[in-house]
Structure formats: C-alpha cells, structure tokens
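Step one of this worksheet: look at the structure below.
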Amino acid sequence: MNKSTLEEDNYMKQTKILLIDAAEISSATFSNETVTALENAADVIRQGGLVVFPTETVYGLGADGTSADAARKIYAAKNRPSDNPLIIHIEKPEDAELYAKTCELYYKFARAFMPGPLTVILPKKDTVPFSVTGGLDSVALRCPSHPVARRLIGLAGVPIAAPSANLSGKPSPTCAEHVIEDMMGRVDMIIDGGESDIGLESTIIKIDGKTVTLLRPGGITYDALSCVTDGVEIASAVTEQLAKDERPLSPGMKYRHYAPDAPVVLLDGKEEDVIEFLKAESQRSDCLILCYTEETGLLPSERIIDIGRMNDAQAQAHKLFSALRDADKLSPSIIYAHLPQKDGIGLALYNRMIRAAAHTVKYIPSGMKGNNLI
Ligand code: TXA
Ligand code: MG
C-alpha cells in the first residue's frame, strides 16, 4: 500500500464516536435515538465507509462485505497484508446461502452455535469479491450474537466484512479505548458498546466435504464442536510453530500477532516453583508479570498485572488482550506469564499466549531462583 493511498483513505478522516447505553445493549431494546444513530452507521457502511462496532468476542472494523473497494480500505486502515482474508458477518445463519456453498454440516454447527462466537469457512460464491477473501476461493462466515452487531448488519442490508479493529500485529481490541488508540482518524465511526464479553476472537472451523478442521480456538471449545460431529481435527498451527516452508491452512497463522514490544516468556512448572522464580525475578525493576489473582499478595504490586483467578480460564481470556496492551505501556524489558492449560477455553488462551511469546516457554525446575533466563 503506498502512502498516498493511505492518506486518501484514512489519515484525513474525522472519526465520530457513538456511545450506546449498556442497559440498552443488555436488554437489546434500542431507543429511537439509538436506532437513528445505528441507521447513520449503516449508511456509512452502505456508502463504502468504515465503522468499528462491538461484538461478543472483540471489536470489528466493518465495511461492506460485497465491495472490493471497501475491503481495500479495511486493509489500509489496519496496515494489514492484503492476502489475509476477512470474516463476513451475517445477520442470520441462512444468509450464508448468498455468499457460500453451504452443506448439512454447516447447518448442524449453525444450529448449535449461531448466533455466537463461531466462524465457519466454506467454498465461496461469486457475490464475495476475491479482495475480501485474500484471493482464496473460500469465505469465512460469522453470525455474531451481540445485539448492536446484529442490528447494524440488519440495518446495513449488506454483509459486513470485519477483521478485529486493531492495527495489524497488536492485540485485538476488547473495549472502545483500545479501538481509539489504534483507529482514531483512520475510520469514519466507532460505536462504543462497552467491554467485549468473551475477550478473545471467535473459534474458526473449516468445513471441507466431511472434514472439519479447527483453525483458531475461541469461545466455542473443541469439546463443544465435537458434540456436533466426530473427528474434528485441530490444525497443528493452533499449538505449534509453523515450519519455515509450511503453507498455513489460514493465512492469519503466518503473521506475527498479539505481541507486545517486550519479549514474553511463558513459565511452565509446579506453581510453587514458578512463584519462587517470580519472587526472585521481580526484584528486577524492568520485568512485568501477568500473574494470577491468588499471587497478587506475593509479588510487588508495581511489577504485576492481575490476569484473573488461577482456575478461571474464562476470566483470563476476558482480560488477556487488555493486559498485553497495559503491559506494553509500562515498557518493561521482559514480560513473564504462566503457560495456560490446553483444555476448554484454555486452548484459545494457550494459542494467543504462545504467539504473543513467539513460542518461548521455559520450564522452571524445583529450586531455580530467577536471573537465569536471559
Ligand atoms: O471474533 C472474531 O472473529 C473477530 C470479530 C470482529 O468478528 N474477527 C476477527 O477477524 O478476529 P480477523 O480478521 O482478525 O481474524 C480472522 C482470521 C484471520 O486469521 C484470517 O486469516 C482467517 O480468519 N480467515 C479468514 N478467511 C479465511 C479463509 N477463507 N480461509 C482461511 N482462513 C481465513
Ligand atoms: Mg485479528
């Protein structure tokens, strides 16, 4: 993307911020004033503009999913490589018929998890431009459950292509403040719908004939997917590093993600050994620790960010991206965090954290006391 295109598309924008009342969101009953504001946002989408909107997973950077030009604007606003395809957000599961070649398995998953945090990849139809799918002949479809997202898609009357509303490489935004940090001046409108419920992006599966492959774990767990059909495969890149010459099943797998400026090191080992190591290491003034709530009394308060209770992976998922952004602002030289368990929503946490850490995991044996790692 050359500079003049970026300037023309983004840098000159006056970004409007639209605040939606939390009580309206939770009751999903919108006042006339809010509906008028959402109609304006839908107009912006129809006219080829960019609107950031809340979803139950993370905030999305939305534009008309049937327009090649709108997709080009999304890539420019995010500084995103144009071979990394976008998810198309639809109002109802059956709207998939307009954009993809559906199958029985799609409807089984749709009945179980839509609307909700599941994205399904299917062969695309010609209604979706190749610029939206990064040149692929498949398309990713998601029907979000967030009332604002659903109402916006309905009012727009077009599907909304939306990646997470962060600058490429930064953690996905889970509240309007994160979006404002990254997108002010780059988009036409930001709809502030409070904190995202889940805090990690949707689960992505690819359906290819009878084969179902989990490409990105999220709020819908592997066990829940397996209740719909047997033999769901997990793409190796969910937990492992891609080999140098390996072609990823999803283009997004090959890009650096979620990474703060400081190196992140994930610690594995018995809790008592890890905490001893962290106590010693926290004497360093340049380290930051993403710790469990139970550990907050054991470590210096100026070196820690509380990531949630030890056995509450859901709470940790909710806080992770915020914690990574906060960690970055403190400019540490190193960030330590616990290696998550890979069960339930823990698999999604593991997937995001292992990438934030560029796969750096250190095992802490009994008796190890810090200052030994780098
Ligand atoms: O929760 C979510 O999914 C959020 C909200 C806004 O809906 N969206 C989101 O989009 O996380 P994004 O663009 O940040 O991540 C989508 C991922 C990328 O890694 C992309 O490579 C992959 O989905 N993807 C999209 N279309 C694909 C396709 N046709 N084949 C394989 N991977 C695809
Ligand atoms: Mg993203």
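The values are calculated or read from the model by the stated rules, or taken from the named source; none is laboratory data. Please read these numbers as outputs of a predicted model, since none were measured by experiment. Backbone-built Cβ (ideal geometry, glycine too); neighbour counts: all protein chains shown. Ligands, DNA and RNA are stripped out before the accessible areas are found, and what is left, the full protein with its side chains, is counted by its heavy atoms. Shrake-Rupley method; radii C 1.70, N 1.55, O 1.52, S 1.80 Å.
Take segment 263-374 with all the other protein chains still there, run a 1.4 Å probe, and you get 44 Å² of accessible area per residue.
Solvent-accessible surface of protein heavy atoms, probed at 1.4 angstrom with all chains present, puts VAL228, VAL51 in the order VAL228, VAL51, largest first.
Give the lysines reachable from LYS108 as a straight Cα distance under 29 Å; neighbours fewer than 8 places away on the same chain don't count. Cross-link targets: LYS92, LYS124, LYS125, LYS206, LYS210, LYS342.
Spatially, segment 115-167 and segment 182-261 are offset by 14 Å when compared through their Cα centroids. The sum of -39500 (n - 2.57) across all DSSP H runs of n ≥ 4, divided by the residue count of the chain, sets its helix-only mean residue ellipticity at 222 nm to -8500 deg cm²/dmol.
Rounded to the nearest 10 degrees, the angle from helix 147-156 to the longest Cα principal axis of the chain is 30 degrees. Projected label points at GLN14 and ARG46, each 7 Å from Cα along the beta carbon direction, are separated by 2.2 nanometres. Ligands, DNA and RNA left out, the 1.4 Å accessible surface of segment 3-238 is 50% carbon and sulfur atoms.
Would segment 264-363 count as rounded, prolate or oblate if I go by the C-alpha gyration tensor, calling it rounded below 1.5 in a/c and otherwise prolate when a/b exceeds b/c, oblate otherwise? Rounded, since a/c falls under 1.5. Note that segment 124-135 has calculated 3J(HN,Hα) couplings of 8, 9, 5, 5, 9, x, 4, 5, 6, 9, x, x Hz, one per residue in order, obtained from phi through the Karplus relation 6.51 cos²θ - 1.76 cosθ + 1.60 (θ = phi - 60°); glycine and proline are x. Among LEU86, ASN40, VAL158, pick out the residue whose Cα is farthest towards the positive end of the charge dipole of the chain, where Lys and Arg carry +1 and Asp and Glu carry -1 on C-beta, about the Cα centre. With unit charges placed on the Cβ atoms, the residue in question is LEU86.
3J(HN,Hα) along segment 49-62: x, 10, 10, 8, 9, x, 10, 6, 9, 9, 6, x, 9, x Hz, from the Karplus curve 6.51 cos²θ - 1.76 cosθ + 1.60 with θ = phi - 60°, whole Hz, x for Gly and Pro. Within the chain, what's the longest run with no chymotrypsin sites (Phe, Trp or Tyr not before Pro) in a DSSP loop and at most 16 other beta-carbon atoms within 10 Å? Give the range, please. Counting only loop sites that pass the neighbour cut-off, the longest clear stretch is 1-129. The region of the chain that goes longest without hitting one of the trypsin sites (Lys or Arg not before Pro) in a DSSP loop, each with at most 16 other Cβ atoms within 10 Å, is 1-100.
Close amide H contacts of LYS16 (hydrogens built in the peptide plane, cut-off under 5 Å, sequence separation of 5 or more or a different chain): MET189, ILE190.
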